[in-house]
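Worksheet for the structure shown next.
Nothing in this text is a laboratory measurement; each read-out follows from the coordinates by a stated rule. No experiment lies behind these values; they were computed from the predicted model shown. Quick reminder, even Gly has a Cβ in these numbers, built from the backbone with ideal geometry, and neighbours come from all protein chains shown.
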Protein chains: 2
Amino acid sequence: MSGNAHGGFSYAEMSRTLIKDCVVVPVTAPGFFTGSVGVEGGRIVLVADNAREEDRRRVEEFRTAAARGPGSCPPREMDGRGKLLMPGLVNTHTHVAMTLMRNMADDLPLMAWLRERVWPFESRLTPGDITVGARLGMAEMLLSGTTTLIDMYWHEAAVARAARETGIRALLCPSFIDGERMSGFERDLDETLAAAEGVETLTVRPAPHAAYSCSAENLRRAVDLARRHNLGITIHVSETLDEQRMIRERHGCTPTEYLRDAGVFSVPAIAAHCVHVTDGDIEILRTNGVTVAHNPQSNMKLASGAAPVARMLDAGVNVTIGTDGASSNNDLDMWDEMRSASLLGKLTAADPAVMPAWEVVKMATAAGARAIGMEGRLGIVAEGAIADLILVDTQKPHWYPHNNPVSALVYSARASDVHTVWVNGREVVSGGRLTSLDTDALMRDVQRCVASTCVSP
Amino acid sequence: MSGNAHGGFSYAEMSRTLIKDCVVVPVTAPGFFTGSVGVEGGRIVLVADNAREEDRRRVEEFRTAAARGPGSCPPREMDGRGKLLMPGLVNTHTHVAMTLMRNMADDLPLMAWLRERVWPFESRLTPGDITVGARLGMAEMLLSGTTTLIDMYWHEAAVARAARETGIRALLCPSFIDGERMSGFERDLDETLAAAEGVETLTVRPAPHAAYSCSAENLRRAVDLARRHNLGITIHVSETLDEQRMIRERHGCTPTEYLRDAGVFSVPAIAAHCVHVTDGDIEILRTNGVTVAHNPQSNMKLASGAAPVARMLDAGVNVTIGTDGASSNNDLDMWDEMRSASLLGKLTAADPAVMPAWEVVKMATAAGARAIGMEGRLGIVAEGAIADLILVDTQKPHWYPHNNPVSALVYSARASDVHTVWVNGREVVSGGRLTSLDTDALMRDVQRCVASTCVSP
């Protein structure tokens with residue numbers, strides 16, 4: 001393990017690397033090929049298909065230091081045989097510090113769960129606790145191949161700290177609701193912007209909580225702040241039927257219409273959930289270029305409903321995948337979430353041909369990159385793209401026989417198959433182990449933290 | 001690895017073992033405790049709660065050879081700290097050799113999937129292929145903590161061979177449909193009975209395929225055979241709306257009513273799927289003591305529908321969990337299946353409080369044991385019960401913080417957390433590796449087998 005746990009990564013770790021003879025799922029187009037991929041200085045500089053002679057020649061050039069000019073050394077070579085290389089997964093909706101509440105309160109009616117467990121626990125959390133919970137969730141995500149998260153919570157500067165330590169890419173979204181938390185929001189946003197300043201892997205967006213918890217005035221304030229800092233907005237939209245009913249009673253429209261009228265979609269926006277949306281809502285999401293963060297497992301576990309994902313995709317909405325927080329999931333496992341997205345999508349549409357594996361892999365990678373304004377630069381294996389990559393071990397019984405690897409990624413792969421993970425070219429997981437944090441020490445920290453803040457069941 | 005790959009296990013491996021200071025989920029009652037469990041000669045002989053002084057004394061007695069009389073040696077001791085001990089999982093519905101078709105044909109309409117992919121592939125399978133596919137599926141199941149499977153296919157004697165080699169417990173169900181396959185069925189049944197003869201871990205049941213594929217005459221023939229050999233029946237029931245409609249048109253009743261009238265439920269029966277069942281059907285299942293094998297992921301992937309599991313449980317039906325075959329899942333992972341059962345159950349009932357973790361763990365263990373007539377003797381951690389046990393590693397980020405371990409088993413545990421597995425007291429998985437088969441050689445065998453039988457996409 002690195003001794004550099006709290007200072008972030010040094011440049012020395014971003015050396016030239018050649019991953020040879022792996023199955024590559026590039027996501028730039030359907031399908032896969034056997035090839036080799038070269039990384040240098042945080043970027044993908046070579047994507048070669050073994051079947052093409054010209055590509056094989058370029059691999060040889062990359063291998064020989066001479067071709068790189070004086071002072072250049074040969075790349076580190078990794079044997080990719082029996083492994084699959086693809087873009088890192090993008091988890092577009094979570095509350096990472098809620099890992100502290102994992103398996104603490106399950107199988108309860110929604111309001112009992114919130115009032116008796118979630119809110120009392122959250123009211124005791126300090127920024128230090130949030131950093132510990134964020135470290136835990138980020139460790140879990142990196143180990144399972146998630147290289148980017150979109151996080152919505154309070155004290156996001158404390159989350160930024162954990163992201164810098166672990167090396168994960170993050171869009172940090174300080175959240176607010178009307179009333180007491182509103183006062184701290186602007187300070188929270190400023191602190192988060194300061195914490196992310198100069199860190200290439202961190203960006204920030206204000207996150208009004210939801211249509212039912214934020215007044216039109218406060219929504220407009222958040223949009224103004226977003227515009228002033230040239231940022232987007234992240235928000236919960238139409239998670240439950242209750243929300244739908246409440247907004248209809250208060251404002252005579254759907255939550256999506258209400259948010260549009262408050263200007264929320266006039267900046268780049270990510271709408272989490274969108275379980276109960278009308279055809280008109282879907283049209284609003286599409287025409288405003290709003291990204292939907294679909295959270296199938298959380299929606300099932302809380303019995304919120306099943307989002308009409310196949311319809312939204314058909315309409316041309318950018319639909320992505322999120323795990324939501326670990327208190328309603330109870331893990332941050334994007335493999336599980338991809339599988340659930342496909343299976344629930346087929347069930348909901350009553351059609352086994354919708355949500356095919358290829359589409360779901362794209363939702364969890366390239367579409368997630370588009371959500372954070374990095375379309376074409378992230379979430380793909382292509383020359384010039386950012387090296388957020390994962391290498392997956394396919395030499396396991398549940399991967400056999402080796403038929404279609406894209407199907408395998410959605411229908412039989414597991415989080416534990418992730419072998420090596422790079423974020424911005426940095427190797428943050430190596431042979432299934434974190435390079436940045438001592439996970440044993442982290443688990444002890446977490447247990448100590450919960451013992452002092454936990455609300456006994 | 002053992003050099004004993006084809007001869008089954010020797011008695012020497014069934015030595016006295018004491019698993020110390022683990023979290024025990026006994027399934028005999030809700031909850032868990034920290035304790036120690038002793039195994040000897042295939043049976044659980046000691047279940048001790050560390051909180052009880054009397055139990056701590058009994059552990060000391062078990063440890064000291066003197067207490068066992070002359071010739072007895074001290075047990076092998078395993079440190080269970082950071083681990084969880086529970087009954088092995090019971091997969092009550094699969095077609096294990098279909099692992100050969102994993103990731104071969106996905107995201108297709110049902111009839112195209114069957115006619116263009118599944119049936120042409122199956123028509124080429126030899127008994128030798130079926131043994132290879134069964135070895136693969138059993139390796140996957142044992143490594144992920146499934147200690148019993150209920151298998152329905154043709155050439156079940158070839159499946160029996162793989163079960164003897166791998167050491168898994170199996171209920172083997174030779175299947176038939178009207179027409180050509182009917183002729184081979186009785187021979188298949190006889191061969192399977194012969195293959196299971198004298199093997200404590202193997203039992204047999206005839207398996208008419210379904211109401212829509214078997215005439216009342218053939219169903220009665222299967223029931224007569226079952227009765228003659230003192231066996232039960234396994235059958236698919238009400239998997240799709242098409243089936244429901246077809247039986248309604250042909251016979252003017254539901255599939256469940258049709259099967260009852262044909263006498264299928266007059267012997268112990270396992271009904272796989274039961275997606276589309278009426279209140280009357282549920283009453284028939286309950287009064288006849290029929291076990292339901294619920295296959296949530298297969299039902300979602302094929303867009304068959306969502307079984308009314310909470311209603312069936314409420315009515316007192318014995319509902320268990322199965323993965324179905326790997327061509328419609330695409331893995332044999334009971335952890336995934338438990339999670340899907342709970343989440344889909346909550347969504348279907350529109351109630352987050354139904355299908356609590358504890359109920360789901362019971363469905364995957366004790367209820368499965370009841371399905372095969374072993375209630376109270378299997379699927380629980382209790383003195384006198386059969387030692388089908390699994391030890392799960394909880395020292396991983398996705399298990400932290402350590403809150404309710406029963407919730408963790410359903411909502412955050414993974415197949416890859418399974419550390420050690422015993423079937424009938426034999427250690428068949430040790431430190432995450434199979435003791436009976438060389439998995440690398442097995443994966444090569446599988447790829448060769450598929451290359452020669454596979455229907456190219």
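For B:Pro109, which inter-copy label distances result when the label point lies 7 Å beyond Cα on the Cα-to-Cβ vector, reported in nm to one decimal and in ascending order?
So the distances to the same position in the other copies read 4.4 nm.
Go through the range A:88-96 residue by residue and turn each phi into a ³J(HN,Hα) via Karplus (6.51, -1.76, 1.60, θ = phi - 60°); whole Hz please, and just put x for glycine and proline.
Running phi through 6.51 cos²θ - 1.76 cosθ + 1.60 with θ = phi - 60° gives x, 7, 10, 8, 8, 7, 7, 10, 4 Hz.
Expressed as a rounded percentage, what relative contact order does chain B have, with Cα pairs under 8 Å and six or more residues apart?
Computed value for chain B: 21 percent relative contact order.
Once you place label points 7 Å from the Cα toward the Cβ at B:Arg124 and B:Arg187, how far apart are they in nm?
It works out to 2.3 nm between the two label points.
Taking beta carbons within 10 Å but only from partner chains, what does the mean come to for residues B:334-341? Let's see the in-between values first.
Details: counts 0, 2, 6, 0, 0, 10, 7, 0.
Average per residue, whole number: 3.
Only loop residues by DSSP count here, and only those with at most 16 other Cβ atoms within 10 Å; note down the GluC sites (Glu not before Pro) in the range A:327-404 that meet that. Show your work: numbers first, answer last.
On the way: sites: A:Glu337, A:Glu359, A:Glu375, A:Glu383; in loops: A:Glu383.
Hits after loop and neighbour filter: A:Glu383.
Let a ≥ b ≥ c be the square roots of the eigenvalues of the Cα gyration tensor of the range B:89-371; is it rounded (a/c under 1.5), or, if not, prolate (a/b larger than b/c) or oblate?
rounded
Let me know the mean shielding of B:137-147 by other chains, meaning the per-residue number of their Cβ atoms within 10 Å of its Cβ.
2
Return the sequence-ordered ³J(HN,Hα) values of the range A:34-40 in whole Hz as given by the Karplus equation 6.51 cos²θ - 1.76 cosθ + 1.60 applied to θ = phi - 60°, using x for Gly and Pro.
8, x, 9, 10, x, 10, 7
Check cross-link reach from B:Lys301 to the lysines: straight Cα distance under 27 Å, and skip same-chain residues fewer than eight apart.
A:Lys83, A:Lys301, A:Lys346, A:Lys362, A:Lys396, B:Lys346, B:Lys362
Going by a ≥ b ≥ c, the root eigenvalues of the Cα gyration tensor, does the range A:99-247 fall in the rounded group (a/c under 1.5), the prolate group (a/b larger than b/c) or the oblate group?
It is oblate, given that a/c is not under 1.5 and a/b is not larger than b/c.
What does DSSP give for chain B in terms of the percent of beta bridges that are antiparallel, rounded to the nearest 5?
45 percent
Considering only DSSP beta bridges whose two residues both sit in the protein assembly as shown, what percent are antiparallel, to the nearest 5?
The antiparallel fraction comes to roughly 45 percent.
Going toward the positive end of the dipole of the protein assembly as shown, with +1 on Lys and Arg Cβ and -1 on Asp and Glu Cβ, which of A:Thr17, B:Val423, B:Ala97 do you reach last?
Farthest towards the positive pole: A:Thr17.
When you look at the Cβ of every residue in A:410-419, what mean number of other chain Cβ atoms sits within 10 Å?
Working: counts 4, 12, 11, 3, 8, 4, 7, 1, 0, 0.
Whole-number average of other-chain Cβ neighbours for A:410-419 is 5.
Placing the label point 7 Å from Cα along the Cα-to-Cβ direction, what are the distances from A:Asp178 to the equivalent spots in the other copies, shortest first, in nm to one decimal?
Here A:Asp178 shows inter-copy label distances of 6.5 nm.
Give the nm distances, rounded to one decimal, from B:Arg57 to the matching residue in every other copy, measuring between label points 7 Å along Cα toward the beta carbon; shortest first.
Taking the point 7 Å beyond Cα along Cα→Cβ, the inter-copy spacings are 8.5 nm.
Starting from the coordinates of the alpha-carbon atoms of the range A:94-141, obtain the Kirkwood hydrodynamic radius over all distinct pairs and give the value in Å to one decimal. Could the numbers behind the result be given before it?
Working: mean 1/r = 0.0888 Å⁻¹.
Across the range A:94-141, the inverse of the average 1/r is 11.3 Å.
Against the empirical 2.2 N^0.38 Å scaling, what ratio does the C-alpha Rg of the protein assembly as shown come to? Write out the running numbers ahead of the final one.
Working: Rg = 27.6 Å, N = 914, 2.2 N^0.38 = 29.3 Å.
So the Cα radius of gyration is 0.94 times the expected 2.2 N^0.38 Å.
Taking the axis about which chain B rotates onto chain A, which residue of B lies nearest it as judged by Cβ position, and how many whole Å separate them?
Residue of B nearest the axis onto A, distance in Å: B:Ser416, 2.
Kindly put A:Met338, B:Met246 in sequence by how many other C-beta atoms sit within 10 Å of each C-beta, fewest to most.
Ordered from fewest to most neighbouring Cβ atoms within 10 Å, A:Met338, B:Met246 come out as B:Met246, A:Met338.
Give a residue-ordered list of calculated ³J(HN,Hα) values for the range B:256-272 (Karplus: 6.51 cos²θ - 1.76 cosθ + 1.60, θ = phi - 60°; whole Hz; x for Gly, Pro).
Each residue's phi maps through the Karplus curve to give 4, 5, 4, 5, 4, 5, 7, x, 4, 8, 7, 10, x, 10, 10, 10, 7 Hz.
Any idea how far apart B:Asp440 and B:Arg227 come out in nm if each label point goes 7 Å out from Cα toward Cβ?
The answer from the label model is 5.5 nm.
Run through the range A:68-147 and list the trypsin sites (Lys or Arg not before Pro) located in a DSSP loop whose Cβ has at most 15 other Cβ atoms within 10 Å.
A:Arg81, A:Arg124
Using the 10 angstrom Cβ neighbour count as an exposure proxy, how do B:Glu427, A:Glu191, B:Glu186 rank, fewest first? Spell out each step's value before the answer.
Numbers: B:Glu427 24, A:Glu191 18, B:Glu186 15.
Starting with the residue having the fewest Cβ neighbours, the order is B:Glu186, A:Glu191, B:Glu427.
Taking 7 Å along the Cα-to-C-beta vector as the label spot, tell me the A:Ala451-A:Ala315 distance in nanometres, rounded to one decimal.
Going by the 7 Å Cα→Cβ label model, 5.1 nm.
Mind running the shape call on the range A:206-287? Use the C-alpha gyration tensor, a ≥ b ≥ c as the square roots of the eigenvalues: rounded below 1.5 for a/c, prolate if a/b tops b/c, oblate otherwise.
Since a/c reaches 1.5 and a/b is larger than b/c, the shape of the range A:206-287 is classed as prolate.
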